[in-house]
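Nothing in this text is a laboratory measurement; each read-out follows from the coordinates by a stated rule. All values derive from a computational prediction rather than experimental measurement. Please note: Cβ atoms are built from the backbone with ideal geometry, for glycine as well, and neighbour counts cover all protein chains shown.
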Amino acid sequence: MALTTEFTEMFGVRHPIALAPMGGSAGGALTAAVSNGGGLGLLGSRNGDPDWLARELPIVTRNIDKPWGVGFQAWAIEVGAVERVLEHGPKAVMLSFGDPRPFAGRVRASGTALIVQVADLEEARQAVDVGADVIVAQGTEGGGHGARHGRSTLPFVPIVVDLVAPVPVLAAGGIADGRGVAAALALGAAGALIGTRFQATAEALVDPSIARSIVEGRGQDTSRVLDIARGSTGPSKYTARTLGHPFIDQ
Ligand SMILES: Cc1cc2nc3c(=O)[nH]c(=O)nc-3n(C[C@H](O)[C@H](O)[C@H](O)COP(=O)(O)O)c2cc1C
């Protein structure tokens with residue numbers, strides 16, 4: 001039996017699960033697989049890179065007749081990227097990590113659902129103010145990008161649910177199986193947004209050794225120093241959580 005939540009009803013999907021729009025790894029094939037599997041696939045936009053979108057968007061539109069969306073990092077969006085993506089008819093655009101205000105109006109004016117990911121209460125209030133249709137509450141367990149001074153998923157999700165009601169909330173961070181999704185629903189969320197678990201799939205655009213490392217790795221093996229090593233130009237508030245590696249130790 002499928003679970004019905006405000007999220008599944010809003011998008012007409014079977015499962016209260018969304019794919020996190022992971023930069024270069026949530027490409028068209030993974031987005032299509034999640035949407036065709038009954039969740040909401042969200043394509044990573046790789047900062048709106050036109051070549052990437054020209055390659056990956058058609059993979060989505062050719063292979064899905066179900067709802068799908070695209071995610072952007074708000075601090076890094078290339079000029080015109082949101083408009084270009086909207087022309088392909090996504091059902092949702094997700095904005096994370098930065099000020100959603102410059103883009104929210106354009107998304108909502110197009111009739112596309114606006115999803116905003118937040119890592120603290122100030123961001124949650126701002127998401128309500130810009131008219132988010134769905135708010136993703138990201139706890140510090142989240143892999144990849146996250147906020148340096150965030151809170152754990154378990155305590156963070158319910159306070160966001162209460163703060164932003166009646167806007168539906170997805171829980172994100174450390175959710176990787178049915179028990180995690182059930183916990184998200186118990187916290188008052190309308191579903192879960194899942195990243196790392198979907199990276200360890202055949203469809204994700206990662207080297208098989210990365211998928212294997214995720215499966216074999218342990219939570220205590222993770223680190224947040226990658227941004228310094230790779231010279232990230234993003235806001236220092238939003239860090240990247242990855243598996244440890246000799247390169248990072250160095
Ligand atoms: C490799 C990786 C890359 C990510 N890139 C993005 C991104 O580009 N935009 C975004 O909104 N979130 C990104 N995220 C964060 C997710 O949106 C989400 O909050 C997180 O994956 C949830 O936690 P989980 O990985 O434990 O499922 C990324 C996550 C991972 C693991």
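Taking the stated definitions as given, is GLY146 out of contact with any helix residue (DSSP H, G or I) (no Cβ under 6 Å at 6 or more places or on another chain) and either within 15 Å of the ligand (Cβ to nearest atom) or at positive phi (or both)?
So GLY146 passes the test.
Within 14 Å of the ligand (Cβ to nearest atom), under 23 Å from VAL136 (Cα atoms) and without any contact (Cβ under 8 Å) to a residue 24 or more places away in the chain, is that true of ARG224?
No, not satisfied.
So, in segment 185-219, exactly how many residues are without any contact (Cβ under 8 Å) to a residue 40 or more places away in the chain, within 21 Å of GLY37 (Cβ to Cβ) and in contact with a helix residue (DSSP H, G or I) (Cβ under 7 Å, 6 or more places away or on another chain)?
3
Applying the selection to segment 234-250, what residues are out of contact with any Asp or Glu (no Cβ under 8 Å at 6 or more places or on another chain), in contact (Cβ under 8 Å) with a residue 24 or more places away in the chain and outside any helix (DSSP H, G or I)?
Passing the criteria: PRO235, LYS237, TYR238, ARG241, THR242.
Determine whether segment 108-130 contains at least one residue that is touching a residue at least 12 places away in the same chain (Cβ under 8 Å), touching a Pro at 6+ places or on another chain (Cβ under 8 Å) and part of a helix (DSSP H, G or I).
Yes, there is a match, as at least one residue in segment 108-130 is touching a residue at least 12 places away in the same chain (Cβ under 8 Å), touching a Pro at 6+ places or on another chain (Cβ under 8 Å) and part of a helix (DSSP H, G or I).
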